[in-house]
Amino acid sequence: MNNEITKKETISYGIAGLGQNMVYLLSSTFLMIFYTDVFKINPATVGLLFLVARVWDACNDFIMGVLVDNTRTKWGKLRPYLMIAPIPIAVLTILTFTAPDLTYSLKVVYIFITYILWGMAYTIGDVPYWGLSAAMSHNSEERTKLITFTRLMTMVGSAIAIVGIPVLLNIFSEGEIYDRKGYLITSIIISVIGCGLFSLSFFNTKERVKPQAANTTLKDNLKLLKQNIPLLIVLASSLLGFSRFMAQSAGTYVTKYSLHDEDLFMVLGAVLIISVIIAIAITPLLLRFTTKKKLYIITSIFGAVMYVIMYFFGYDNFTVLLIFLALSSLSMGFFNVLQTAMIADSVDYLEWKTGKRAEGICYSMQTFFFKLSGALTNFTMGLVLAYTGFVENSMNQSQQVYDGIYSLVSLIPGIGCLLSVIPMLFYKFGDKDQKIWVAEIAKRREEAM
């Protein structure tokens with residue numbers, strides 16, 4: 001049997017991530033400002049929505065992980081869901097960016113229903129997609145290369161979205177300010193293209209790592225999670241560092257209100273994406289000289305320092321702002337690769353320790369914590385905007401509002417980077433350990449046969 005991931009699979013898997021990230025960035029970056037400025041929903045209410053939706057995802061993602069680990073088909077345990085997911089994701093993305101004429105109370109009900117359903121549909125695709133990276137090969141180095149390329153493609157997807165979405169909004173909005181028509185048509189275009197590309201993760205991939213024959217129960221999966229110490233540490237670090245991605249989400253507010261030019265979001269976004277891509281590209285090179293743990297800690301501390309310096313320099317000098325945004329954003333790229341690679345290693349650890357391979361439940365926790373981090377990000381943004389006295393679509397905010405918005409892309413992400421280091425100090429699992437786990441697992445399989 002050929003145990004190597006082919007170039008066709010790598011390219012298809014990466015392009016699928018590109019498409020998925022186009023859709024995700026549309027939602028994560030533009031949905032909050034769409035709700036507050038177009039649909040006229042109070043920022044605190046929007047923040048509460050994101051938090052409530054993620055609490056539900058605590059159940060939703062876990063259930064999806066159990067379903068995946070109990071799925072047995074001719075296509076595998078993960079790929080069948082990648083055939084199903086793209087259509088409902090596209091439909092519900094469009095519905096979240098639809099602004100029907102309703103009373104305020106019905107508007108709130110509408111956004112709660114459509115956004116929570118969107119999160120459920122996204123989970124159906126996201127958990128199997130990232131779980132597939134651990135099922136395509138047993139080789140940690142090969143997986144890291146796959147994940148690195150995929151993360152690069154996801155950043156390309158983000159770059160396309162960051163540049164393309166404002167262009168589409170300008171084309172299809174009827175006034176100078178982005179309106180409901182612009183958002184609706186833009187969401188249709190991004191959803192159709194993004195979800196079409198995402199479907200490649202089903203058509204051009206293969207699961208090589210075979211699951212155990214026995215099914216697992218909900219109780220079994222809870223026990224497995226408790227035993228997966230490396231996974232729990234990585235997840236704890238991710239949660240404490242939830243605000244490291246806030247610069248991307250809050251960038252729309254900084255450019256529109258603090259810098260008084262919405263079109264500058266493309267510039268800030270381009271700088272951020274280029275930095276992330278550079279970091280992702282050099283991660284495998286740096287891992288030749290150090291471990292995942294050390295690189296994770298060093299780059300997180302570096303990011304924290306850059307974000308804090310950026311905060312004290314302020315936003316009056318746009319060039320200086322771009323320089324520090326570029327430097328601080330490097331930490332996001334390193335995190336993207338290292339977190340996913342370490343979770344893939346934790347799947348091997350769990351199989352080595354328990355004899356059960358559970359990509360579904362492990363990656364359901366990754367997607368849950370990722371979305372929970374996004375919810376905490378938007379909830380924090382909502383609280384800061386409400387506390388400082390933010391008024392939607394007003395270009396004459398108080399200085400307190402401008403300073404509060406700027407802290408969302410500088411000081412607060414810096415604090416998150418620093419906090420994320422704490423759990424990683426207790427991470428005791430290295431690359432040599434992973435090779436030992438894989439060797440012992442292979443030996444057990446041979447003996448069983």
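For the range 396-428, name all the residues that are within 15 Å of Ile297 (Cα to Cα) and either among the β-branched types (Val, Ile, Thr) or open to solvent by less than 50 Å² (accessible area, probe 1.4 Å) (or both).
The answer is Gly414, Ile415, Gly416, Cys417, Ser420, Val421, Ile422, Pro423, Met424, Tyr427.
Can you tell which of Tyr81, Tyr122 is assigned to a helix (DSSP H, G or I), open to solvent by less than 20 Å² (accessible area, probe 1.4 Å), of a type in the set (Phe, Trp, Tyr) and modelled with pLDDT under 95?
So the residue among Tyr81, Tyr122 that is assigned to a helix (DSSP H, G or I), open to solvent by less than 20 Å² (accessible area, probe 1.4 Å), of a type in the set (Phe, Trp, Tyr) and modelled with pLDDT under 95 is Tyr122.
Does Ser407 fit the bill of being at pLDDT 90 or above and of a type in the set (Ser, Thr, Tyr)?
yes
How many residues does the range 351-386 hold that are among the hydroxyl-bearing types (Ser, Thr, Tyr) and either open to solvent by less than 10 Å² (accessible area, probe 1.4 Å) or modelled with pLDDT under 75 (or both)? Let's see the steps before the verdict.
Step one: list which residues in the range 351-386 are among the hydroxyl-bearing types (Ser, Thr, Tyr), which gives 354, 363-364, 367, 373, 377, 380.
If we keep only those that are either open to solvent by less than 10 Å² (accessible area, probe 1.4 Å) or modelled with pLDDT under 75 (or both) too, we end up with 363-364, 367, 377.
Qualifying residue count for the region: 4.
Going by what's in this entry, would Ile113 be described as modelled with pLDDT of 90 or more and either within 15 Å of Ile343 (Cβ to Cβ) or buried (at least 17 other Cβ atoms within 10 Å of the Cβ) (or both)?
Taking the combined requirement at face value, the residue does not satisfy it.
Scanning the range 18-42 for residues that are open to solvent by less than 10 Å² (accessible area, probe 1.4 Å) and not in a helix (DSSP H, G or I), which turns out nearest to Gly382 (Cα to Cα)?
Ile41
Out of the residues in the range 173-192 meeting the condition of being open to solvent by 50 Å² or more (accessible area, probe 1.4 Å) and among the hydrophobic types (A, V, I, L, M, F, W, C), tell me which one is farthest from the chain's Cα centre (by Cα).
So, considering only residues that are open to solvent by 50 Å² or more (accessible area, probe 1.4 Å) and among the hydrophobic types (A, V, I, L, M, F, W, C), the one farthest from the chain's Cα centre (by Cα) is Ile177.
Is there any pair with a first residue in the range 420-449 that is acidic (Asp, Glu) and a second that is assigned to a helix (DSSP H, G or I) and open to solvent by 80 Å² or more (accessible area, probe 1.4 Å) whose Cβ atoms are under 9 Å apart and which are 6 or more apart or on different chains, and what are they?
Here the result reads Asp431/Glu141, each pair linking the range 420-449 to a residue that is assigned to a helix (DSSP H, G or I) and open to solvent by 80 Å² or more (accessible area, probe 1.4 Å).
Can you find a residue that is open to solvent by 10 Å² or more (accessible area, probe 1.4 Å) and closer than 30 Å to Tyr349 by Cα anywhere in the range 155-172?
Looking for residues that are open to solvent by 10 Å² or more (accessible area, probe 1.4 Å) and closer than 30 Å to Tyr349 by Cα, one finds at least one in the range 155-172, hence yes.
Which helices (runs of 4 or more DSSP H) sit wholly inside the range 193-277 and have at least 3 residues that are surrounded by fewer than 21 Cβ atoms within 10 Å (Cβ to Cβ)?
218-227, 229-240
From the set of residues in the range 59-78 that are open to solvent by 40 Å² or more (accessible area, probe 1.4 Å) and either hydrophobic (A, V, I, L, M, F, W, C) or under 13 Å from Gly125 (Cα atoms) (or both), which is modelled with the lowest pLDDT?
Here the residue is Cys59.
Hey, can you tell me all the residues within the range 303-350 that are assigned to a helix (DSSP H, G or I), open to solvent by 40 Å² or more (accessible area, probe 1.4 Å) and without any contact (Cβ under 8 Å) to a residue 40 or more places away in the chain?
Within the range 303-350, Ile309, Phe312, Phe313, Thr319, Ile323 meet the criteria.
Output the helices (runs of 4 or more DSSP H) that fall wholly within the range 366-449 and possess 3 or more residues being more than 24 Å from Leu232 (Cα to Cα), or say none. Step through it out loud before you land on a result.
Details: elements: 399-407, 411-424, 431-448.
Of the helices (runs of 4 or more DSSP H) lying wholly inside the range 366-449, those with at least 3 residues that are more than 24 Å from Leu232 (Cα to Cα) span 399-407, 431-448.
If we scan the range 387-395, do we find a residue that is among the polar types (S, T, N, Q), over 30 Å from Gly131 (Cα atoms) and surrounded by fewer than 16 Cβ atoms within 10 Å (Cβ to Cβ)?
Yes; the residues of the range 387-395 include at least one that is among the polar types (S, T, N, Q), over 30 Å from Gly131 (Cα atoms) and surrounded by fewer than 16 Cβ atoms within 10 Å (Cβ to Cβ).
Is there a residue in the range 165-176 that is out of contact with any strand residue (DSSP E or B) (no Cβ under 6 Å at 6 or more places or on another chain), within 23 Å of Tyr129 (Cβ to Cβ) and not hydroxyl-bearing (Ser, Thr, Tyr)? Please lay out each step first, then the result.
Residues of the range 165-176 that are out of contact with any strand residue (DSSP E or B) (no Cβ under 6 Å at 6 or more places or on another chain), as a first pass: 165-176.
Now restrict to residues that are within 23 Å of Tyr129 (Cβ to Cβ): 165.
After this cut, where a residue has to be not hydroxyl-bearing (Ser, Thr, Tyr) as well, the list is 165.
Checking the range 165-176: at least one residue is out of contact with any strand residue (DSSP E or B) (no Cβ under 6 Å at 6 or more places or on another chain), within 23 Å of Tyr129 (Cβ to Cβ) and not hydroxyl-bearing (Ser, Thr, Tyr).
Test Thr93 against the stated conditions and say whether it is open to solvent by less than 40 Å² (accessible area, probe 1.4 Å), closer than 25 Å to Leu152 by Cβ and either in contact (Cβ under 8 Å) with a residue 40 or more places away in the chain or of a type in the set (A, V, I, L, M, F, W, C) (or both).
It is true that Thr93 is open to solvent by less than 40 Å² (accessible area, probe 1.4 Å), closer than 25 Å to Leu152 by Cβ and either in contact (Cβ under 8 Å) with a residue 40 or more places away in the chain or of a type in the set (A, V, I, L, M, F, W, C) (or both).
Give the residues of the range 278-292 that are open to solvent by 50 Å² or more (accessible area, probe 1.4 Å) and in contact with a Phe, Trp or Tyr (Cβ under 9 Å, 6 or more places away or on another chain), sorted by residue number.
Ile282, Leu286
The values are calculated or read from the model by the stated rules, or taken from the named source; none is laboratory data. Source: prediction; values computed, not measured. Don't worry about glycine lacking a Cβ; one is built from the backbone with ideal geometry, like all the others, and counts go over all protein chains shown. Heads up: the accessible areas ignore ligands, DNA and RNA and are worked out on the full protein's heavy atoms, side chains in. Shrake-Rupley method; radii C 1.70, N 1.55, O 1.52, S 1.80 Å.
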